[in-house]
Amino acid sequence: MCGIVGYIGDKNAAPILLEGLSKLEYRGYDSAGIAVAENGKVQLHKAVGKLENLIKKTDGGKKMTETIGIGHTRWATHGKPTENNAHPHAANRFTLVHNGIIENEAALRKHYLEGVKFNSDTDTEVIVHLLEKFVKEDKDVKVAIAHIIGELEGSFALAIIDKEDMNTIYAVKNKSPLLVGKGDGFNMIGSDAMAMIANTDTFYEIHDKEFAVITRDSIEIFTSYAKKVERDSFHAEIDVSDTEKGTYPHFMLKEIEEQPLVIRRIMQQYSDEDGNLVVDKDIIKDIKASDRIYIIACGTSYHAGLVGQTYIEQLAKIPTMSYIASEFVHNMPLLSKKPFFIFISQSGETADSRAVLVKVKEMGHKCLTITNVKGSTLSREADHTMILHAGPEIAVASTKAYTAQMAVLAVLANALSDNPMNLKYELAKTATVMESLCNNRELFHELSKEFFATTRNCFYIGRSTDYYICLEAALKIKEISYIQAEGFAAGELKHGTIALIEKDTPVVAFITREAVNLNTRSNIKEVRSRGAKVLTISLKRISAHSDQIVIGDVDEMFAPLVSALPMQYLAYYAALIRGCDIDKPRNLAKSVTVE
Ligand code: F6R
């Protein structure tokens with residue numbers, strides 16, 4: 001959701017801002033804009049739709065000369081995606097961009113801004129008018145910004161420029177991500193490191209309710225009381241090539257095929273000197289002191305949590321339950337005496353998960369965040385972090401982070417076990433089987449043509465952990481190909497949903513668990529006799545002659561990691577055949593920073 005970039009230095013700012021915004025496209029947006037400034041004049045450029053439109057409109061910023069600017073990709077929350085509503089928003093003196101939602105905007109308008117004329121439907125415009133007013137009263141920009149932080153309720157990352165001081169960018173942060181990038185003769189800000197990595201790999205965090213004052217050669221961070229704080233910089237471990245598609249037509253395909261590599265990287269990153277897979281002793285100690293684990297996540301991460309829950313129960317013998325964050329926060333079950341919370345979040349920024357984290361921390365409970373982004377909000381605010389090491393995931397539809405989440409949960413579960421398995425051997429086998437699936441992608445392309453080219457709906461069925469894969473398979477195909485899909489526990493179908501099966505309805509069945517093989521095959525017969533067109537995905541040792549996709553054998557426990565690949569490929573090719581925007585599906589955002 002919404003992306004922010006800012007630059008101050010010696011170079012033409014516009015192309016740097018546009019390049020930075022292109023690296024934030026993956027977050028999801030529906031309009032974009034930049035503001036560049038020089039000699040007391042601020043130029044605004046905005047366009048609705050793809051960033052491409054803004055790039056065309058500004059000719060890539062090539063002819064501009066301004067060396068300070070801020071840019072924004074907007075995912076509409078207040079008001080439609082129009083040019084008027086696109087950021088930056090300006091008042092007389094200040095111009096700003098905003099990521100987040102101001103919850104008390106109506107109250108602020110009423111209390112402070114009676115009679116002020118607004119040009120947009122956004123909550124953001126309230127901030128710029130408020131700043132204008134406070135600067136007049138407080139006589140100092142820093143004091144006015146501190147004042148603003150005290151007044152605003154909700155989430156806000158802000159980049160601000162001031163017509164009367166063209167040598168400074170102000171950055172403000174609360175609950176929405178924002179980093180400062182340190183350069184040589186320039187400085188930047190961005191919603192994440194990827195927006196700046198082509199220019200610098202050195203960053204400063206800004207914590208919630210802090211702000212930064214940034215010039216070409218200096219970065220100063222202040223608390224909401226305008227008191228200066230000292231902060232160490234850190235280096236981001238992002239390879240610039242990880243943010244490019246290379247020879248792949250889409251990031252999603254690239255990321256699907258990176259999965260064997262990611263599994264091997266996880267094995268390497270979690271190995272000790274003797275080559276054993278290990279987890280930080282403090283994490284193990286805190287979990288062992290608990291009597292129940294609560295896994296909290298959203299979407300794909302929740303689906304990984306369901307598989308992780310079985311790993312923890314089977315290997316570590318600790319009762320574990322997975323919950324959807326947005327439900328848990330308002331409908332909390334009766335907690336056990338000594339709960340431990342695991343938050344799973346690729347981005348580490350998901351507002352729904354964070355709302356739970358804040359609540360359980362207030363209650364005094366310990367927690368661990370499993371995330372792909374070191375230094376992300378959920379990572380910083382938890383007691384412990386385990387990193388996914390999946391590398392940047394740019395396609396909106398999660399693929400490699402999902403399998404990485406399951407693999408890291410397996411590492412954790414095994415480390416908690418009194419009777420650990422040879423996980424290294426099992427994960428190595430899993431990576432090899434994943435590779436053989438990647439070598440067979442044409443099969444998935446052909447099957448997608450046969451099953452998904454024109455259908456309006458489809459069903460995924462399976463039992464046990466296959467059911468969890470069905471939930472993710474349905475989400476994957478829905479989000480990128482817009483086919484209405486349902487993931488179903490195969491045994492539940494006859495209790496109602498089978499009424500939807502008609503001639504040629506596609507039903508994809510997953511069969512990777514021996515104990516339920518025959519049961520699922522009976523359910524296949526039931527849907528087939530009602531006209532369904534069935535595609536079966538099975539593990540080799542329990543496969544039948546007619547199964548269209550047969551996956552090389554792995555321990556059943558790790559079948560979800562390998563069966564993830566065919567379902568991801570099927571969704572990818574379904575979207576390709578139907579001409580959808582695979583990496584940036586409509587209405588979706590990669591990093592969901594509002595509740
Ligand atoms: C779907 C997808 C989403 C995310 C969800 C949570 O492909 O990626 O369902 O899993 O929005 O995001 P994170 O994992 O960043 O908390």
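Can you give the net charge of the other residues whose Cβ lies under 11 Å from the Cβ of Ser546, counting K and R as +1 and D and E as -1?
+1
For the pair Asp383 and Arg456, how long in nm is the line joining their label points, each one 7 Å along Cα→Cβ?
According to this spin-label approximation, the distance is 5.2 nm.
Can you spot the lysines whose alpha carbon is less than 24 Å from Lys281's alpha carbon? Ignore those fewer than 8 places along the same chain.
Lys317, Lys337, Lys338, Lys361, Lys366, Lys374, Lys424
What ranking of Tyr323, Tyr225 emerges when the number of other C-beta atoms within 10 Å of each C-beta is taken as an exposure proxy, fewest first?
Details: Tyr323 19, Tyr225 10.
Listed from fewest to most nearby Cβ atoms, that is Tyr225, Tyr323.
What does the charge count around Val116 come to, taking other residues whose C-beta lies under 12 Å from its C-beta (Lys +1, Arg +1, Asp -1, Glu -1)?
On the way: positive: Arg109, Lys110, Lys117, Lys133; negative: Glu114, Glu125, Glu132.
Once positives and negatives cancel, what remains is +1.
Compactness ratio of the chain: Cα Rg over 2.2 N^0.38 Å, N = residue count? Intermediate values should be presented prior to the final figure.
Numbers: Rg = 25.1 Å, N = 595, 2.2 N^0.38 = 24.9 Å.
After normalising by residue count via 2.2 N^0.38 Å, the value is 1.01.
Pop a pseudo-label 7 angstrom from the Cα along the beta-carbon direction at both Asn119 and Asp291 and give the gap in nm to one decimal.
About 6.1 nm, to one decimal.
Using the Kirkwood radius over Cα pairs, work out the Stokes-Einstein diffusion coefficient for the stretch 248-437 at 37 °C and 0.692 mPa s, in µm²/s as a whole number.
It comes out at roughly 198 µm²/s.
Treat each spin label as a single point 7 Å out from the Cα along the C-beta direction, and report the Glu327 to Thr202 distance in nm.
4.8
Quick one: P(r) of the stretch 440-580 from all Cα-Cα pairs, 5 Å bins, percents rounded to integers, in order of increasing distance.
Spelled out per bin, shortest first, that is 2, 11, 23, 25, 22, 13, 4, 0.
Neighbour counts of other C-beta atoms within 10 Å: give me Ile206, Ile542, Ile324 arranged from fewest to most.
In increasing order of surrounding Cβ atoms, one gets Ile324, Ile542, Ile206.
Any chance you could run the full-extension gain for Glu103 through Asn276? It's 0.36 nm times the residue separation minus the Cα-Cα distance, nm to one decimal.
Working: separation 173, 0.36 × 173 = 62.28 nm, distance 4.86 nm.
Between Glu103 and Asn276, full extension yields 57.4 nm more.
How do Tyr248, Tyr302 line up, fewest other C-beta atoms within 10 Å first?
Lowest count first: Tyr248, Tyr302.
Which of the helices in the chain meet the span-like rule: DSSP H, Cα axial reach of 20 Å or more, Kyte-Doolittle mean at least -1.0? Can you show the working numbers first?
On the way: long enough: 124-138 (21 Å, 0.12); 400-416 (24 Å, 1.15); 423-438 (22 Å, 0.33); 465-481 (24 Å, 0.28); 559-577 (27 Å, 1.23).
Span-like helices, by this rule, are 124-138, 400-416, 423-438, 465-481, 559-577.
Return the Rg/Rh value of the stretch 469-514, two decimal places, where both radii are evaluated on C-alpha atoms and Rh is the Kirkwood radius.
Using Cα coordinates only, the ratio equals 0.97.
Please report the net charge: other residues with Cβ closer than 13 Å to the Cβ of Ala575, K and R +1, D and E -1. Present the calculation step by step, with values, prior to reporting the outcome.
Details: positive: Lys449, Lys476, Lys478, Arg578, Lys584, Arg586; negative: Glu479, Asp581, Asp583.
Cβ neighbours under 13 Å give a net charge of +3.
Can you tell me the FRET efficiency between Lys11 and Lys359 if r is taken as the Cβ-Cβ distance and R0 is 56 Å, rounded to the nearest 0.05?
Working: r = 45 Å, r/R0 = 0.80.
Once rounded, the FRET efficiency stands at 0.80.
Would you kindly calculate the translational diffusion coefficient of the stretch 1-121, applying Stokes-Einstein with the Kirkwood radius from alpha carbon pairs, for 4 °C and a viscosity of 1.567 mPa s, and quote it in µm² s⁻¹ without decimals? Mind showing how you got there, number by number?
Working: Rh = 14.7 Å.
My calculation gives 88 µm²/s for D.
Per residue of the chain, what 222 nm ellipticity follows from adding -39500 (n - 2.57) for every DSSP H run with n ≥ 4, rounded to the nearest 500?
It comes out at -10500 deg cm²/dmol, rounded to the nearest 500.
Where a number appears in this text, it was derived from the coordinates with a stated rule and is not lab data. These figures come from a predicted structure and were not determined experimentally. Note that each Cβ is placed from the backbone with ideal geometry, even for glycine, and that neighbours are counted across all protein chains shown.
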